[in-house]
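Here, each number is a calculation from the coordinates, and none is a lab measurement. Remember, predicted model here, so these are calculated numbers, not experimental data. Quick reminder, even Gly has a Cβ in these numbers, built from the backbone with ideal geometry, and neighbours come from all protein chains shown.
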Amino acid sequence: MNPDNYYNRNEISNSDLTELKNLLYPRLQFGDKEKIFAFGSLVDAIITEPARVNYFQLKVDDVQYTEDDFALAREMHKSLLMEARKDQFLAYVLENSDTQKFMVKEREFDYCDFKFTLPTRCKWDWFLSAAGFGGDLKTTFARSQQEFDEAVDFFDWDRSRAWYMDIAGSDKDFIYAISKKNCKIFKKFIERGDQVYRRGFDKYNELAFKYYLFVL
């Protein structure tokens, strides 16, 4: 599948909700947003779609990167593989998950007793079809587990995980994050109904309502 096809689809994604939030509630952006996104895409490709990576030309598809970008991304990948030697679940994910699997679903929403329907989509970094749940791979500036936990709320990664869980109908989810600062691995496991899920659900439900009102 051409990686651009997913982004050309018409269903509403978590990224669409992010764009709406940025329009409604603008806040100071830290760093070069496009560069940060591009580097995350490089790490994602190395780990989940290696066939797209050209190590000789330092490219992913037609996107050019620097030697420093590739050196850091490869070091981060190495750290993830080292972590998998002692983390049996991560090892299972790397060995058995479907990568970059996308899903679409017509979903019914209920915001303060106002019911509406939206076509939704998501694309998983990892999805364990046999288990019926999946998870996300992140790059982060966090240096510690505490900083990563704070980033989950600040960058609305809780919202994305609840959004994905509810499209798939899954009761579990997870995030593995690799630090761009020290290459440490951080993890977060999510259960339907726990604090992270509920916070993420509330975030996306409100934004979905505003998307229905203001965008459609």
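Here is how the numbers come out for the structure above:
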{"quantity": "MRE, 222 nm, helices only [DSSP H, n ≥ 4, -39500 (n - 2.57), over the chain, to nearest 500]", "calculated": "-14500 deg cm²/dmol"}
{"quantity": "Theoretical gain in end-to-end length, Ser129 to Phe114 [0.36 nm per residue, Cα-Cα removed]", "calculated": "2.1 nm"}
{"quantity": "Cα-projected label distance for Lys181 with Glu75, points at 7 Å along beta-carbon direction, nm", "calculated": "1.5 nm"}
{"quantity": "Alpha carbon convex hull of segment 40-114, volume per residue in cubic angstrom", "calculated": "175 Å³"}
{"quantity": "Residue among Thr140, Met82, Ala177 farthest towards the positive dipole end of segment 72-216, charges placed on Cβ", "calculated": "Met82"}
{"quantity": "Selected from Asp156, Asp171, Asp61 as most flexible by GNM, with the chain as the system and alpha-carbon contacts under 10 Å", "calculated": "Asp61"}
{"quantity": "Entry for mean projected area of the Cα convex hull in nm² (calculated from the structure that is shown) out of (i) 13.7; (ii) 12.3; (iii) 11.5", "calculated": "(ii)"}
{"quantity": "Kyte-Doolittle mean at least -0.5 and Cα axial length at least 18 Å: DSSP H helices in the chain", "calculated": "33-48, 67-84"}
{"quantity": "For Ala84, net neighbour charge (Lys/Arg +1, Asp/Glu -1) across residues whose Cβ lies under 13 Å away", "calculated": "+1"}
{"quantity": "Of the trypsin sites (Lys or Arg not before Pro) in segment 7-77, those whose Cβ has at most 12 other Cβ within 10 Å and which sit in DSSP loop", "calculated": "Arg27"}
{"quantity": "Chymotrypsin sites (Phe, Trp or Tyr not before Pro) restricted to segment 23-53 and DSSP loop, no more than 16 other C-beta within 10 Å", "calculated": "Phe30"}
{"quantity": "DSSP-loop trypsin sites (Lys or Arg not before Pro) across segment 154-191, with at most 13 other Cβ within 10 angstrom", "calculated": "Lys181"}
{"quantity": "Dipole of the chain, positive direction: furthest Cα of Leu213, Leu23, Gly40, with charges on the beta-carbon", "calculated": "Gly40"}
{"quantity": "For Val43, Val53, order by how many other beta-carbon atoms lie within 10 Å, fewest first", "calculated": "Val53, Val43"}
{"quantity": "Cβ-placed point charges (K, R +1; D, E -1), dipole of the chain about Cα centre in debye, nearest 20", "calculated": "260 debye"}
{"quantity": "Cross-link reach list, lysines versus Lys105, counting only Cα pairs under 23 Å and skipping chain neighbours closer than eight places", "calculated": "Lys21, Lys115, Lys123, Lys172, Lys203, Lys210"}
{"quantity": "Under 18 Å from Lys181, Cα to Cα: aspartates and glutamates that are on another chain or at least 8 residues apart", "calculated": "Asp32, Asp44, Glu67, Asp68, Asp69, Glu75, Glu83, Glu147, Asp149, Glu150"}
